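The values are calculated or read from the model by the stated rules, or taken from the named source; none is laboratory data. These figures come from a predicted structure and were not determined experimentally. Cβ placement follows ideal geometry from the backbone for every residue including glycine, while neighbour counts extend to all protein chains displayed.
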Amino acid sequence: MPHRAPSAAPFISRKLEEPYETLLGGETAHHCLASSYADALHPLETRLSRDDLYRALDMLPLTLKAENILMLIEHVTGPAPCTAEAEQLAKRITNLAGQFGLR
């Protein structure tokens, strides 16, 4: 029987240490990025539900959410009105994370 590699997800904290979590937008930013990700990918990925796509990104910290949104916009969807707010937020989070030395 093949052995599966353990998932790293339980060991990745969704929340950054304070004050960084609040400075980067907190729960509102988590929701905005995960919603935009799910909305943009759901029409493209028919095997996964929108809720599955939302949860897949929502388990990550804000810095990784922002990186995923920027990659999605650049490589998959292109700039679109539904992701414009998320793109601005992701760029802000990425810039601030760089200033704070966060990953």
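For segment 22-67, a residue qualifies if it is assigned to a helix (DSSP H, G or I) and of a type in the set (Gly, Ala, Ser), and the qualifying residues are 26, 29, 34, 35, 36, 38, 40, 56, 66.
Every residue, every condition in (1) in contact (Cβ under 8 Å) with a residue 24 or more places away in the chain; (2) of a type in the set (A, V, I, L, M), yes or no:
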{"site": "20", "(1), (2)": "yes, no"}
{"site": "25", "(1), (2)": "yes, no"}
{"site": "28", "(1), (2)": "no, no"}
{"site": "34", "(1), (2)": "yes, yes"}
{"site": "50", "(1), (2)": "no, no"}
{"site": "53", "(1), (2)": "no, yes"}
{"site": "56", "(1), (2)": "no, yes"}
{"site": "61", "(1), (2)": "yes, no"}
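Residue 97 - would you say it is crowded, with 17+ Cβ neighbours inside 10 Å, within 17 Å of residue 53 (Cβ to Cβ) and modelled with pLDDT of 85 or more? Step through it out loud before you land on a result.
Numbers: crowded, with 17+ Cβ neighbours inside 10 Å: yes; within 17 Å of residue 53 (Cβ to Cβ): no; modelled with pLDDT of 85 or more: yes.
Answer is no for this residue.
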